[in-house]
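Data first, discussion second: the structure below is written as structure tokens.
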Amino acid sequence: MNLAETFLSSYIKRSTYYKELADKTFAQLSEANFHYQANDASNSIAIIIQHLVGNMLSRFTNLLTEDGEKEWRNRDTEFEEQQLSKEALLQKWEEGWACYLSAVKNLTEDDLLKTITIRNEELSVVDALNRQLAHYPYHVGQIVYIGRMIKDNQWQSLSIPKGQSQQFNDQMQKP
């Protein structure tokens, strides 16, 4: 594998990992949980989903040929509670991720060296990808944190549960 293939493979692996963290959080939540807001200044999980999907569709639709901030995107409405059902939110979620991952999977080594624009700012494709790999996990972390707050003691850990690091490490050492 060359450097470009290694980068893209790693990039897709990391992106998919963060999607899976959110997916595992969603599986633990009721429909009402998606709309929980700690206060008026906070976003619900539903709002975060709306924002991520809007961003993914805007940035990765015609990634190499159009500005990443599409004219049809209305970012402000992404932050308004739309009272979508859990099913509708998850459908949007999958649509956004499919657009994003499909675009990345179709990139070539030559594409990585190209320049694209986001809001008329020129970026290398690599820089634009890294920008998104910082942005999306930031919001996935918010989703997980909100889900964990909501579920409290019923939360099913997505990694090594508290107090079980040594047990986990011992298990990893077994052949």
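Values quoted throughout were computed directly from the atomic coordinates according to the rules given, and no laboratory measurement underlies them. Predicted, not measured: the structure shown is a model, and the values here were computed from it. Glycine gets a Cβ as well: all are built from the backbone with ideal geometry, and neighbour counts include every protein chain shown.
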Using Cα pairs under 8 angstrom and six or more residues apart, how large is the relative contact order of the chain, in percent? 29
Tally Lys/Arg at +1 and Asp/Glu at -1 over every other residue whose Cβ is under 15 Å from the Cβ of GLU69; what's the total? -1
Give me the extension gain from ASN120 to GLU81: residue separation times 0.36 nm, minus the current Cα-Cα distance, reported in nm with one decimal. 11.2 nm
Between GLN173 and GLU95, 0.36 nm times their residue separation minus their Cα-Cα distance comes to what? 24.2 nm
Give me the net charge for the shell around LEU123: Cβ to Cβ below 15 angstrom, other residues only, Lys and Arg +1, Asp and Glu -1. -3
Everything considered on the Cα gyration tensor (a ≥ b ≥ c; rounded for a/c under 1.5, else prolate if a/b is larger than b/c, else oblate), the chain must be described as oblate
Projecting the Cα atoms of ILE146, ALA134, MET172 onto the charge dipole of the chain, where Lys and Arg contribute +1 and Asp and Glu -1 at Cβ, the residue farthest towards the positive end is MET172
Report the full-extension gain for the segment ASN106 to TYR138: residue separation times 0.36 nm, less the Cα-Cα distance, to one decimal in nm. 9.1 nm
